[in-house]
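Report on the following structure.
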Amino acid sequence: MPYNIKEMVNKKARFVAGHRMCAGCGAPPAIRTILNALKEDDNAVISNATGCLEVSSFLYPYTAWKNVSYIHTAFECASATLSGAEKAYEKFRKDGKIPQDKHTKFIAIGGDGGTLDIGFQSLSGAMERNHDITYICYDNGAYMNTGTQRSSSTPLHADTTTSPAGKVLQGKSQPRKDLTQIMVNHNIPYVAQTALFGNQKDIYEKAEKAIYTHGPTFISVFSPCPRGWGYPTEDLQAIEKLAIDTCFWPVYEVENGVYKITYKPAKKLPVEEFLKTQKRFKHLFKEENKHLIEEMQEEIDRKWNYLLMMEEVTNKE
């Protein structure tokens, strides 16, 4: 059915107010929108890896999770934990211990540290074993929960506590790992990359498609962090929009191997428009470092052109 923002926001809440996430963080509105894609009568089992979202939303005996079955699990095993829950549920249904008309969806959630790095093995295994689960990565580009250490998702030249910009380094020396493409290469039914922009239509529709596609599915959500990135809390939406308008964060989906770019900027902006909004990139605007911005622009253009090519090739009849 067509997307209706009024109906979406009026659904029963699955992630509610009262958590301790920072103002201006991209994760809470993203997770709230994704869980709103669940059908009203369906239950969900949430396996949440340790990270910002978990430590700030589930402080016993208080919780921001409602109308779901919630499991806090370790950094490295959110996917494995959920895989076990999904198989147990399947057996209970087979044995008649769960009514056939009762539906439960299985959703794992982790930050980039618990997904691209520490939890990658269990994620890859769950995808390869074809579990009927959805994995959501809220990607803020570093280990924000423990002090802004670099992760494999940290962008090239970003300043972190373990890749500091100074006399020796100019931020992280390596490009970020492209986990979305790695998941595509697992040959799973549905993979998507999204962000909060507009009226949240893109993230909602992709979440609904992922959750209700049978088999393993994966979504990577752009999740700005005001503390780690260095921006005013009120600039969250502006930064999200600049990320997609510069193609720093392409918004697309891959369904059964077919690529679809779901947002193409009317006017593609230079990446410096995105970089200058954040303190983690301020060193790049020194005269002697301008070539580093050009290097980043070349990488972004290359990846954007690759996506355009893949969309054209995979949609040919």
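Annotations
- Of the residues making up segment 188-238, those that are surrounded by fewer than 21 Cβ atoms within 10 Å (Cβ to Cβ), free of Cβ contacts under 8 Å to residues at least 60 places away in the same chain and in a helix (DSSP H, G or I) are 209, 237, 238.
- In a residue-by-residue description of segment 4-20, the property of being assigned to a strand (DSSP E or B) and within 17 Å of the chain's Cα centre (by Cα) applies to at least one position.
- If you go through segment 275-317 and pick out every residue that is of a type in the set (Lys, Arg), under 25 Å from the mean Cα position of the chain (by Cα) and part of a loop (DSSP other than H, G, I, E, B), you end up with 1.
- Residue count for segment 1-30 satisfying the condition of being at pLDDT 95 or above and within 15 Å of residue 202 (Cβ to Cβ): 3.
- Of all residues making up segment 85-120, the number that are more than 14 Å from residue 177 (Cβ to Cβ) and over 14 Å from the mean Cα position of the chain (by Cα): 22
- Unique match (being among the hydroxyl-bearing types (Ser, Thr, Tyr), buried (at least 19 other Cβ atoms within 10 Å of the Cβ) and touching a residue at least 60 places away in the same chain (Cβ under 8 Å)) among 143, 138: 138
- Scan segment 159-178 for residues that are in contact (Cβ under 8 Å) with a residue 40 or more places away in the chain and either crowded, with 24+ Cβ neighbours inside 10 Å or of a type in the set (Ser, Thr, Tyr) (or both) and the total you get is 2.
- Number of the condition not met by residue 269 [criteria: (1) of a type outside the set (Ser, Thr, Tyr); (2) more than 20 Å from the chain's Cα centre (by Cα); (3) part of a loop (DSSP other than H, G, I, E, B); (4) surrounded by fewer than 15 Cβ atoms within 10 Å (Cβ to Cβ)]: (4)
- Those residues of segment 143-176 which are more than 16 Å from residue 275 (Cα to Cα) and not in a loop (DSSP other than H, G, I, E, B), in sequence order: 143, 144, 145, 146, 149, 163
- Index of the failed condition, residue 311 passing every other in (1) farther than 27 Å from residue 225 by Cβ; (2) touching a Pro at 6+ places or on another chain (Cβ under 8 Å): (2)
The values are calculated or read from the model by the stated rules, or taken from the named source; none is laboratory data. Note that the coordinates shown come from a computational prediction; the quantities given were computed from them, not determined experimentally. Cβ: placed from backbone, ideal geometry, glycine included. Neighbour counts: every protein chain shown.
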